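What follows is a short report on a single structure.
The values are calculated or read from the model by the stated rules, or taken from the named source; none is laboratory data. Keep in mind that this is a model prediction, so the values were computed, not measured. Neighbour counts run over all protein chains shown; Cβ positions are idealised from the backbone, glycine included.
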Amino acid sequence: MNRYEEACASLLTALEQNEFDPIVLYELGIYYYADKKFRKVTAFLKRSLRCCPEPQFENNIYYHIGIAYARLEKFEKAIYPLTQCVDKAPANILYLHERAKAY
């Protein structure tokens, strides 16, 4: 419905109820990625990783952390998360491509 501010408010309310929910932290990180607030992206997605998300979310979390660092022109910091993606899915061309761009 393109009501992003309301979505963000709902996610922040959910986070107040459980500050260690890796899915809520992940969704907030993705919201801030779409909003081009890349420092918030890395903060929320790193918190999500510390809260042990389901394995199927890990590559997407690492990918967005790496891309957010690249958008902030912190290319050295982008390498580690993108390497995590490559290690988990070595045949994925997107991960290899993004890591190459960071290098």
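Of the listed requirements (1) within 17 Å of Cys85 (Cβ to Cβ); (2) at pLDDT below 95; (3) surrounded by 15 or more Cβ atoms within 10 Å (Cβ to Cβ); (4) not basic (Lys, Arg), Cys8 misses just one: (1). Within region 33-42, the set of residues being of a type outside the set (Asp, Glu) and either more than 24 Å from Arg71 (Cα to Cα) or outside any helix (DSSP H, G or I) (or both) comprises Lys36, Lys37. Whether a residue is buried (at least 18 other Cβ atoms within 10 Å of the Cβ) and either farther than 28 Å from Glu73 by Cβ or aliphatic (A, V, I, L, M) (or both) was assessed, and Leu15 does not pass this test.
The residue that is surrounded by the most Cβ atoms within 10 Å (Cβ to Cβ), among those in region 37-56 that are charged (D, E, K, R) and within 19 Å of Cys8 (Cβ to Cβ), is Arg47.
Kindly check whether there is at least one residue in region 13-32 that is in a helix (DSSP H, G or I), over 13 Å from Asn60 (Cα atoms), of a type in the set (Ser, Thr, Tyr) and touching a helix residue (DSSP H, G or I) at 6+ places or on another chain (Cβ under 7 Å). Checked against the condition, which is being in a helix (DSSP H, G or I), over 13 Å from Asn60 (Cα atoms), of a type in the set (Ser, Thr, Tyr) and touching a helix residue (DSSP H, G or I) at 6+ places or on another chain (Cβ under 7 Å), region 13-32 yields at least one hit. Of the helices (runs of 4 or more DSSP H) that lie entirely inside region 52-103, those containing 2 or more residues that are at pLDDT below 95 span 55-71.
The residue list Lys88, Lys74 contains one member that is free of Cβ contacts under 8 Å to residues at least 24 places away in the same chain and among the basic types (Lys, Arg), which is Lys74.
Looking only at region 77-103, residues that are of a type in the set (Asp, Glu) and exposed (fewer than 14 other Cβ atoms within 10 Å of the Cβ) come to 1 in all. Taking region 62-73 as the range and being touching a helix residue (DSSP H, G or I) at 6+ places or on another chain (Cβ under 9 Å) and either closer than 21 Å to Glu27 by Cβ or surrounded by fewer than 16 Cβ atoms within 10 Å (Cβ to Cβ) (or both) as the test, the residues that pass are Tyr62, Tyr63, His64, Ile65, Gly66, Ile67, Ala68, Tyr69, Arg71, Leu72. One residue alone among Asn59, Asn2 is surrounded by fewer than 20 Cβ atoms within 10 Å (Cβ to Cβ) and more than 16 Å from the chain's Cα centre (by Cα), and that residue is Asn2.
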